[in-house]
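These notes concern the structure reproduced below.
Just so it is clear, none of the values below were taken in a lab; they were calculated from the coordinates. What you are looking at is a predicted structure, and each value in this text was computed from that prediction instead of being measured. Because the Cβ atoms are built from the backbone with ideal geometry, glycine has one as well, and the counts that use them run over all protein chains shown.
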Amino acid sequence: MGTSLELDLTPRPSDARLTLRRYQNRIRDLIEVARLHRPIGIWLLLWPVLWALWIAGAAHPTPKILVIFVLGTIAMRSAGCVVNDLADRDFDPYVKRTRDRPIASRRLAPWEAVAWFLVLIGCALALVLQLDEQTIRMSVIGAALAVTYPFFKRFFPLPQFYLGVAFSWGVPMVFMAETGVIPRVAWIIFFAGIIWAAIYDTMYAMVDREDDLKIGIKSSAIVFGDMDRLIIGLLQALMLFALYLVGTNMEFGYWYNAGLVGAAVFFAWQQWKIRERKPLSCFLAFQNNHYVGLAVFVGILLEYAFRR
């Protein structure tokens, strides 16, 4: 009677390789919780800042201010995403789109997310401290807006408009840093930014509407109901009108208005995509707003390039 032994010849990773893999996974989780792997949010936050930088600097923004605001926008948006996921860690597991996020899936502990938030907010602070005193004071308001937004979804029925204030606060900051004053045109751009954020974040909220109703999260998509497309259309028209007023104030002409026409075409495409309110189509319409911001910016660039 013989005895057979089965040998497991599968190669096992070394301790060093396992450690490296853990670090790689942790870095991936930190990138994901800050949404650095999805730059669409950075662009949507950055476009109004770039509009303001080019107008405040008459097409020649101060290089130092340009770099500070671009990097600061990335840092603050990332920090805001971390705070959002911390605030929603008990809700995200019940929403299909968010249940695999690092904190919701428990891959990242809350204390780790807090530490990452402090690193990001520290980077933003180091950048803004390079600016003048008035702009630094305004940055405190911006930081407060970014940190408090996630909690407004608990009780405020239209948090998308509050998000718009947070996302657009960089506009008056740009004018203060670049010119030392905040002129009327800055506040018109600020207003346009608020309306724009309400537009694209309502489309974003339409993706999660059913889940948000179940767990009690507030959103404009819920408030607007079956009038969502109509109200979004009215907001799109209002934003374009506000940007037209910007052009009037700056005495812009053909090229800038051509940019607004391009933005209007993208808005029309978005209306077509959300007509049946399918989650994927609404998400694609949300993403398409990147091209709205680009169209306006290209119009500003061409206006200054060909201005007589």
Report task. Could you bin all the Cα-Cα distances of segment 75-176 into 10 Å bins starting at 0 and give me the percent of pairs in each, rounded to whole numbers? Result -> 15, 42, 31, 11, 1
Query - Fraction in percent of alpha-carbon pairs per bin - 10 Å, segment 29-306 - result: 7, 29, 35, 22, 6, 0
Query raised in the report: segment 171-308: Rg/Rh from Cα coordinates, Kirkwood Rh?
Result: 1.04
Report summary line: If R0 = 51 Å, then Leu71 and Glu276, at their Cβ-Cβ distance, give a FRET efficiency to the nearest 0.05 of 0.80
Requested in this report: Please work out how many pairs of lysine residues in segment 29-306 are eight or more positions apart (or on different chains) and have Cα atoms closer than 22 angstrom.
Outcome: 9
Query raised in the report: So what is the diffusion coefficient of segment 116-224 in µm² per second by Stokes-Einstein at 10 °C and 1.306 mPa s, using a Kirkwood Rh over Cα pairs?
Result: 105
Query raised in the report: When averaged across all projection directions, what area in nm² does the alpha-carbon convex hull of segment 165-228 cover?
Result: 5.1
Query raised in the report: Can you give the net charge of the other residues whose Cβ lies under 14 Å from the Cβ of Thr135, counting K and R as +1 and D and E as -1?
Result: -1
Query raised in the report: Using the alpha-carbon atoms, what tilt in degrees (0 to 90, nearest 10) does helix 184-207 show relative to the longest principal axis of the chain?
Result: 40
Query - Sequence-separation-based contact order of segment 29-306, relative, with Cα cut under 8 Å and 6+ spacing, percent - result: 21
